[in-house]
Amino acid sequence: MVTAAVAATCSTIGVRCFVSNRPRLAASSRTIGSFSAVSSKKQPPSSPKKGNNKGKIISQKKYPGRSKEERPYPFVDGDRSRGDDGSSDSRSFGSFGMQKKEKRALLYDLKEQQVETGNLQDAAFLNAVVKVYCTHTAPDYSLPWQKQRQFTSTGSAFMIGDGKLLTNAHCVEHYTQVKVKRRGDDTKYVAKVLAKGVDCDIALLSVENDEFWKGAEPLQFGRLPRLQDAVTVVGYPLGGDTISVTKGVVSRIEVTSYAHGSSDLLGIQIDAAINPGNSGGPAFNDQGECIGVAFQVYRSEEAENIGYVIPTTVVSHFLNDYERNGKYTGFPCLGVLLQKLENPALRSCLKVEANEGVLVRKVEPTSDASKILKEGDVIVSFDDTHVGCEGTVPFRSTERIAFRYLISQKFAGDVVQLGIIRAGQLMKVPVILQPRVHLVPYHIEGGQPSYLIIAGLVFTPLSEPLIDEECEDSIGLKLLAKARYSLARFKGEQIVILSQVLANDVNIGYEDMSNQQVLKFNGTRIKNIHHLAHLIDSCKDKYLVFEFDDNYVAVLEREAATAASSCILKDYGIPSERSPDLLEHYVDSAADNEAVEQEFGDSPVSSLDIENEGILWA
């Protein structure tokens, strides 16, 4: 998903720092609060495009079921992670890249690096925190064959050993060049991005220059902190070029919304000041151990000093995933929509005797759970951990946490044992966990959107970044409702829209069409944009017939459309009629053919199903 810029007030005298170039809808004065990624950006003004709102600074992401006042704001130093192992794990994690044997030796060997507050300035672990300089070149989703003007941002990172650094994924989103600089040094070194976890907002960097690592001591990871534990946030925020240190305490630990990845993972809430540029910087405990990564703040007129840290449990999940697979595969999900069972009559009707369990209201067709679970099942346990009627599970000694926290501790491909009650019968069923398939993606894999141009008609898949660039009025409420609440029926499904029409004699009468979903081509229902390209390439009919939503039809003569394509591309300065990914051979699937015949409207998720007090996604 595209990260966005944020304007942050840097001082009490009204100085405002613009940290992004992306337009956003201005926040209402009635805003309750919003999550913001905290990275500092420098960006030249971009030329206005269709659908952009002038004078708006931050790109506001769309979140199902939340009002505009409650939606998280993602920024270029983006944030989001997924649930962590919230256990009272007293382990500390050794430097990434160590031999496995050495790692095990460090698991229970926490270094007692007691640091006095007065000597914090001279503490060795501060030297492991570096400043990140990133140049970004984001795609232009409204004109998908080109990119936007580049801009720069700054953030923070820290050393974890074996020539590697950790920072936030939003700090290096759409990067073209990443450089890092150590404390007290005047040399910037080029860094390579090894892996990005969008959902957990973590990125792994490497620096191959040996000069950068001379005398460096990587940080040690500590255990998950307790409430009221002291915390120190270190980084390079706005307001100066040297390192900054702020202190506070841990005020809350729970499953938190990660703005950058549109996910929900374990998060540590602190009251230490976090500002744009702090993103990717470490948070320390009193022993000088890293307890997490600073990544977002909560802005509200009714709340102050609410910052968030990605805990080491989430960080270790990211690093273990990278080591296991040689790349980051993401946090898994169960793929079910759940309802709480607090009402005694509801439990009695479902034949649930104890005060426990959550009701399965809907199962995503693309999840492995769709082969096992049924609507009406009641999940009462997850790997022998009992699930309460409010959708919570035990956490540490005296706390409880959201049920999806247990799922976030697993890896893609893991098999879990669910205890369910079906028609009054208790049974155990195995379910494979996989990353969730989004019908409308929050981020584009590879960074560049797909597109197809036929006789000036520009087709592209609907995505959240595209919705961000276009105003909601131009998208239309019906299409927005599908984007928010419809579920993917099979892997690879996309909502393909006609983004705009490049005027030419061959498409007279269609020039005003924009942001309309194409449903069928010559009578065949569209699965995705690659399928549409395949149908057009193999078409031998005289006419190209496109059927859109609301029974709107556009017809082109095939030979005339083919003849006009090269002229249209030349007139508009477009290098190719399609994106490179559409040049690959298309493989049809019989299973997808059956699923695509079901209309989107047959099983959408309603607005009441998202972020409702009684309903939750797992």
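Looking for whichever is outside any helix (DSSP H, G or I), in contact with a helix residue (DSSP H, G or I) (Cβ under 9 Å, 6 or more places away or on another chain) and touching a residue at least 24 places away in the same chain (Cβ under 8 Å) here; the options are I453, I467. Which one fits? Give the steps one after another, and end with the answer.
Working: I467 fails: outside any helix (DSSP H, G or I).
Of I453, I467, the one residue that is outside any helix (DSSP H, G or I), in contact with a helix residue (DSSP H, G or I) (Cβ under 9 Å, 6 or more places away or on another chain) and touching a residue at least 24 places away in the same chain (Cβ under 8 Å) is I453.
Could you list, ordered by first residue, the pairs with Cβ atoms under 6 Å in which the first is in the stretch 312-332 and within 15 Å of L266 (Cβ to Cβ) and the second is in a helix (DSSP H, G or I), at least 6 apart or interchain?
Going by the 6 Å Cβ cut-off, the qualifying pairs are F331/S408.
Name the residues in the stretch 396-413 that are small (G, A, S) and touching a Gly at 6+ places or on another chain (Cβ under 9 Å), would you?
Correct list: A402, S408, A412.
Each row is one residue, and each column tells you yes or no for (1) in contact (Cβ under 8 Å) with a residue 60 or more places away in the chain; (2) surrounded by fewer than 22 Cβ atoms within 10 Å (Cβ to Cβ); (3) within 30 Å of the chain's Cα centre (by Cα).
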site: G335; (1), (2), (3): yes, no, yes
site: V352; (1), (2), (3): yes, yes, no
site: G357; (1), (2), (3): yes, no, yes
site: S367; (1), (2), (3): yes, no, yes
site: E375; (1), (2), (3): no, yes, yes
site: D383; (1), (2), (3): no, yes, yes
site: E390; (1), (2), (3): no, yes, yes
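Run down A283, A294, A273 and say which single residue is part of a loop (DSSP other than H, G, I, E, B), touching a residue at least 24 places away in the same chain (Cβ under 8 Å), closer than 30 Å to T187 by Cα and assigned by TED's automatic domain parsing to the domain that holds L205. Let's see the steps before the verdict.
Numbers: A283 fails: part of a loop (DSSP other than H, G, I, E, B); A294 fails: part of a loop (DSSP other than H, G, I, E, B).
Result: A273 is the single residue among A283, A294, A273 that is part of a loop (DSSP other than H, G, I, E, B), touching a residue at least 24 places away in the same chain (Cβ under 8 Å), closer than 30 Å to T187 by Cα and assigned by TED's automatic domain parsing to the domain that holds L205.
The values are calculated or read from the model by the stated rules, or taken from the named source; none is laboratory data. From a predicted model like this one, the values you see are computed outputs, not experimental measurements. Glycine also receives a Cβ, built like all others from the backbone with ideal geometry; neighbour counts cover every protein chain displayed.
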